[in-house]
Structures are given as structure tokens and as C-alpha cells.
Amino acid sequence: RNMINLKNKICIVTGSNGKIGKSICKKLKQSGALIIETDIKKSSSSKNFYVQANISNNDDIDKFYKIIKKKYKKVDVLINNAGYVASDETNKNIFYNKKYLDVNLDGSLNLIEKFLPLIKKSKFGSIINIGSIYGFLAYDKSLYQGTKMISPIAYGISKGALIQMTKLLASKLSPKIRVNSISPGGIFRKQTKKFVKKYINKTLLNRMGKEEDVSNAILFLSSDLSSYITGQNLIVDGGYSLT
């Protein structure tokens, strides 16, 4: 029980307005962590310390860092949860969309670089990036046949680069700071019945993922239970990638 006690640990969660972001904040707070939330839009519902920032904008990152540096002496856990996922209507070019790289890769890397001085002041610094199974798997075209869903190549490219960045940073920042990534499988978002049926038939645990599946993994990598784990990509996909 003590090993998942995050009391007095200061955790930054980007993309905190999203469903996964809210689940992460809730899970960490239940374990005693002090939460710093950030997202591109204002949040009127957050009960944690909140800073509005666009992580793909270096000026916003600078302002965010100055605010946190003034308020806190350290950062224990940085969770790069913010990610760009275009809607099907705005994502007609399936080959390339620069926003994927701007947010999913460059934004995460720039944020880590900026906050590194505060993370180094922690006795148990941990950086957690959110990848995807599409960072190391190709799309299964049969899943999308008969639906209006689009599988953009740029998304997978950005997540694949993020996973490799995780490994390189783990080597670079060791032994003081641990760096890991989590690659979720498909999260249920009221997709069509046809898609869901095809997806769960390819998944060993016979269901799509939930927000809590991701936030539980975040809690593990934020805690002392994972104190000997770094440079790893934790796959949370119910066994999808094994089929």
C-alpha cells in the first residue's frame, strides 16, 4: 500500500481536459499526488492547479514553466498525455498532417526539455509518455472497411517516434530520472457496432480498452512499484497486439 502512496508527489498531466486525462488526474489524486493540469482550452471544472497552455507553442511552454517554477520547487512526475487526433472530417489527408508531429512528438520533447531542471530536483523523477499500439503495429485495414473511420499514417509515425524518444531519453537521463511510455490499444468511444465487434474479436481479453486501464498503468509507473523500470513501452491493449 505504501508503494502506491503518491503523497506530496507533484505530477504534471498534459491534455487534462480529455477523457483519459481526467481519469489520470482522478487516479493520481486518489493516491495523494498534487496535480498540475494543463490543456489547450480553459477548464472551469478542475479542482486541481490548472494552467492553460498549448504544448505545441514554445511561448506557452515558457510561460507554463515560469508559473510552475514560481509555485513549486520540483516536479516528480511529468505525464505527456496531450495528443492530437483529428476528426474524420478534418483528417482527409491520411498521409500527412504536421499537427501530429507538432503536438505528439515535438510538444512532448520540448516540454521535457523545459521542465528538466525541476524534474532533476526530485528524488524519484519519472517521465511517462503516451504512445499507441499504432506506434509499432500497422493498421488492420479490415477493421475500418464499411465504416467512415480513417486511419492516418501521420498518427502512427508520431507515436512510433515518441516510443523511440522514450528509449533514448531513458538512456540519456539515467540514473536520476526514469522514462517510460504506455501504448494503449483501442479505447471505446462509441464506435460503430461493426467496428467494435471486429476489434474485440482480435483482442484476447474480448473487449476494448477503458480510460481506467490507461490511468492504472500511469499510477504504476508513477509509483515506487516501478522504481526499477525505465526505457520500457508498457503495452495496454488486452492482448490485441498478440493476435
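The values are calculated or read from the model by the stated rules, or taken from the named source; none is laboratory data. Source: prediction; values computed, not measured. Methodologically, a virtual Cβ is constructed for each residue, glycine included, from the backbone with ideal geometry; neighbour enumeration extends over all protein chains shown. When the accessible area is computed, the model is the full protein with side chains, heavy atoms only, and any ligands, DNA or RNA have been set aside. Shrake-Rupley method; radii C 1.70, N 1.55, O 1.52, S 1.80 Å.
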Qualifying residue in the range 225-233 (condition: part of a helix (DSSP H, G or I) and closer than 20 Å to Y139 by Cβ): no
Only listed residue being open to solvent by 10 Å² or more (accessible area, probe 1.4 Å) and within 20 Å of the chain's Cα centre (by Cα), chosen from Y155, Y144: Y155
First in the range 138-151 and of a type in the set (F, W, Y), second anywhere and at pLDDT below 90 and in a loop (DSSP other than H, G, I, E, B), Cβ under 6 Å, 6 or more apart: Y139/S151; Y144/S151
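Restricting to the range 185-219, count the residues that are on the phi > 0 side of the Ramachandran plot and modelled with pLDDT of 95 or more. Reasoning before the result, please.
Start the filter on the range 185-219 by keeping residues that are on the phi > 0 side of the Ramachandran plot, which leaves 190, 206.
From the residues that got through so far, the ones that are modelled with pLDDT of 95 or more too are 206.
Looking only at that region, the number is 1.
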Long-range neighbours under 7 Å by Cβ, at least six apart or interchain, first residue farther than 19 Å from I35 by Cβ within the range 57-86, second among the polar types (S, T, N, Q) and part of a helix (DSSP H, G or I): N58/N110; Y84/N104
Answer residue from the range 191-224, given it is more than 16 Å from G239 (Cβ to Cβ) and assigned to a loop (DSSP other than H, G, I, E, B) and is farthest from the chain's Cα centre (by Cα) among those: T192
Candidate set: the range 60-98, residues that are at pLDDT below 95 and either in contact with a His (Cβ under 8 Å, 6 or more places away or on another chain) or of a type in the set (F, W, Y) (or both); chosen: the one least open to solvent (accessible area, probe 1.4 Å): Y84
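Any idea which of I218, I187 is surrounded by 15 or more Cβ atoms within 10 Å (Cβ to Cβ), aliphatic (A, V, I, L, M) and either under 20 Å from F115 (Cα atoms) or free of Cβ contacts under 8 Å to residues at least 24 places away in the same chain (or both)? First the steps, then the outcome.
Numbers: I187 fails: either under 20 Å from F115 (Cα atoms) or free of Cβ contacts under 8 Å to residues at least 24 places away in the same chain (or both).
After applying the criteria, what remains is I218.
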Whichever residue in the range 140-183 is basic (K, R) and part of a helix (DSSP H, G or I) and, among such residues, is farthest from L105 (Cα to Cα): K141
